[in-house]
1. Once the dipole of the chain is set up with Lys and Arg at +1 and Asp and Glu at -1 on Cβ about the Cα centre, which of S38, I191, A164 lies farthest towards its positive end?
2. Could you please report the charge total around Q153, scoring K, R as +1 and D, E as -1 over all other residues with beta-carbon less than 10 angstrom from its beta-carbon?
3. Let me know the shape class of the chain, please: from the alpha-carbon gyration tensor, a ≥ b ≥ c as square roots of the eigenvalues, rounded when a/c is under 1.5, otherwise prolate if a/b is greater than b/c, or oblate.
4. Setting aside same-chain residues fewer than 8 positions from K120, which lysines have a Cα under 21 Å from its Cα?
5. At 1.4 Å probe size, with every protein chain present, just tell me what the per residue accessible area of the chain comes to in Å².
6. Starting from the Cα of R250, move 7 Å in the Cα-to-Cβ direction to define the label point; list residues of the stretch 193-225 whose amide nitrogen is under 17 Å from there.
7. Note down the relative contact order for the stretch 103-166 as a percent, whole number, built from C-alpha pairs under 8 angstrom at least six residues apart.
8. Give the ranking of T44, T116 by solvent-accessible surface, highest area first, calculated with a 1.4 Å probe.
Amino acid sequence: MKFLEIKNLRKSFGDLEVIKDISLDVEEGQVVAVIGPSGSGKSTLLRCATMLDSMDSGELIYLGEHAVTTGADGKAIPAPSKQLKKIQGYYGLVFQNFNLFPHYSVLKNVVDALITVQKKSKGEAVEIGREFLNKMSLSDKEDAYPYQLSGGQQQRVSIARALALNPKVLFFDEPTSALDPELTGEILKVIKDLAAEKMTMVIVTHEMSFARDVANHIIFMDGGIIVEEGLPDEVIKNPKNERTKTFLSRFEK
Ligand SMILES: Nc1ncnc2c1ncn2[C@@H]1O[C@H](COP(=O)(O)OP(=O)(O)OP(=O)(O)O)[C@@H](O)[C@H]1O
Ligand SMILES: [Mg+2]
């Protein structure tokens, strides 16, 4: 089953066309890695897919349900708010800079949306929160505050927070780029374990060897379009397009 479909997405900021007609399908259990140079539109693609940014035109569909359609005038139309709320429960997003609430404890960071958005009782939310903190090996940190944690631990809290909401699709935007190499390995392992559990994921990353290991499908973006896509070994080992070749030549293989 297709968990995510993006059709003919376009997005401009003023005169700058940042996403130019991108279409993308993500099947259940698939891991898609998005690679490409700075400014190519990777974060904007994720922000449009998670409705943090509005699309100019195109379609956005989760599990067959439309979050955004496009009218006869070519302009994007979001679904009614009740449907949007439901669809927003299908996905989660993990950011580069963790985006934890600094004045909330680790446990409160994880359970807050379970109570306020998913309307779970405090007892149930805490039970779920502890389950995912345990999964991220953070049980001993539930009373700590974000500033008391390493970057890798903070990122594991934000992954626990996203997982606790039971998303169908999990997006990551450069989840390791704020971390030093040792902590990067820690987070990449967590994401690999999620892939082994068949979590459906879309991951923007600059870690090429990780992308090759973890993804079933690689998308190379440049200038707001998908320049090349395919199996990791095809795109990363044997890129066909000159722009892909130039980009990848900067990384060790
Ligand atoms: N809110 C915004 N307002 C105006 N321009 C924006 C906005 N967000 C992004 N842009 C522009 O859109 C382009 C694509 O940005 P985006 O953040 O999607 O790139 P990226 O591929 O994620 O880059 P990086 O690898 O550096 O994170 C850039 O030229 C950026 O300056
Ligand atoms: Mg980005």
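The values are calculated or read from the model by the stated rules, or taken from the named source; none is laboratory data. What you are looking at is a predicted structure, and each value in this text was computed from that prediction instead of being measured. Here the Cβ is made from the backbone with ideal geometry for all residues, glycine too, and neighbour counts use every protein chain on show. The accessibility values were calculated without ligands, DNA or RNA, using every heavy atom of the protein model including side chains. Shrake-Rupley method; radii C 1.70, N 1.55, O 1.52, S 1.80 Å.
1. A164
2. Details: positive: K141, R156; negative: E186.
Value of the local net charge: +1.
3. Values: a/c = 1.93, a/b = 1.23, b/c = 1.57.
Verdict is oblate for the chain.
4. The qualifying lysines are K82, K85, K86, K108, K135, K168.
5. Details: 12120 Å² over 253 residues.
Result: 48 Å² per residue.
6. Inside the label zone: 204-211, 219-225.
7. Values: 67 pairs, mean separation 31.0, N = 64.
Averaging sequence separation for qualifying contacts and normalising by length gives 48 percent for the stretch 103-166.
8. Numbers: T44 20, T116 75 Å².
Sorted by accessible area, descending: T116, T44.
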